């Protein structure tokens, strides 16, 4: 009885989504802020050989020559590694992501990266390469022409020019799926939605929105700050239709925690909208001390041609102290992000000055935000 009721709700909500002119356009869709537990891509990796290079390969690298010998021996030929030349070949690592629900026979893109002395993979062809998962099983076979977005040239005098990265390329649709990865979408009587950004308030809103759409207060239950457990139909086809509704439900996410992220290398500073500063007075100025060393040379008169005077070198030191006027400003109670930025910009602070001010405010306990320095 409960299953029939849930199926009725599924098709009822589908009709609402199709016929409604407004289509619940409010905030963020669940498909944009969450992921279905267990439904993910899988990383694949393989080792292969790229051939057909124009003298930009590995050369006489033992790994490449051994790989070429092993490859040729599969065709019934006995070859001595000393008879091979790897200048037109390169040993490469092949990496790819196998999407969830990928079926045998489907194709996907792969990335090819040189691992030897190859200077460029431009114009090369990747030979048949098995791609393995973390369990060591082969899930796809890769082969095809490598597309390189960079280039590298070298002159006889040792000069060289490199644009982008010529030792890494891609093979569009270069891999074919040979084995399907099991995805636990219908193995339980429920599904789990995992938020991309953990937040207790958002999780509760997600559960409430799902229960409101299906008019069932016990359909979705929050588990923690990331996950929401949702009861779903057992039948696979009905579950797909159910997921189509769930992922299009729109939720208003909670405001993120107040954070200030500082990149100390580039001077980039990003502040969240909820950053607050308690009352504080800030004084910021620069003191510059410059020391210039110079030498004075004097030649005293001597007693004649045969008794010249002794040359005397005396140091001359000039010390200059420059101090900019202290720039002071006060943060009033309840100041928000816009006021904070305006007051700091008003005194002409550089990014390094701003970083120093923010660190000082944090140490004083006046900055109501997490300061993250990367």
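Brief remarks follow.
- Which listed residue, of 210, 234, 226, 249, is touching a strand residue (DSSP E or B) at 6+ places or on another chain (Cβ under 9 Å) and either modelled with pLDDT under 90 or closer than 30 Å to residue 367 by Cα (or both): 226
- Residue tally, condition in contact with a helix residue (DSSP H, G or I) (Cβ under 7 Å, 6 or more places away or on another chain) and either crowded, with 22+ Cβ neighbours inside 10 Å or over 22 Å from residue 148 (Cα atoms) (or both), over region 37-61: 6
- For region 209-264, the tally of residues that are assigned to a loop (DSSP other than H, G, I, E, B), under 32 Å from the mean Cα position of the chain (by Cα) and touching a residue at least 60 places away in the same chain (Cβ under 8 Å) stands at 8.
- Set 65, 44, 53: member being at pLDDT 85 or above, under 30 Å from residue 128 (Cβ atoms) and assigned to a helix (DSSP H, G or I): 65
- Test: residue 64 is under 18 Å from residue 46 (Cα atoms) and surrounded by 22 or more Cβ atoms within 10 Å (Cβ to Cβ): yes
The values are calculated or read from the model by the stated rules, or taken from the named source; none is laboratory data. Predicted, not measured: the structure shown is a model, and the values here were computed from it. Here the Cβ is made from the backbone with ideal geometry for all residues, glycine too, and neighbour counts use every protein chain on show.
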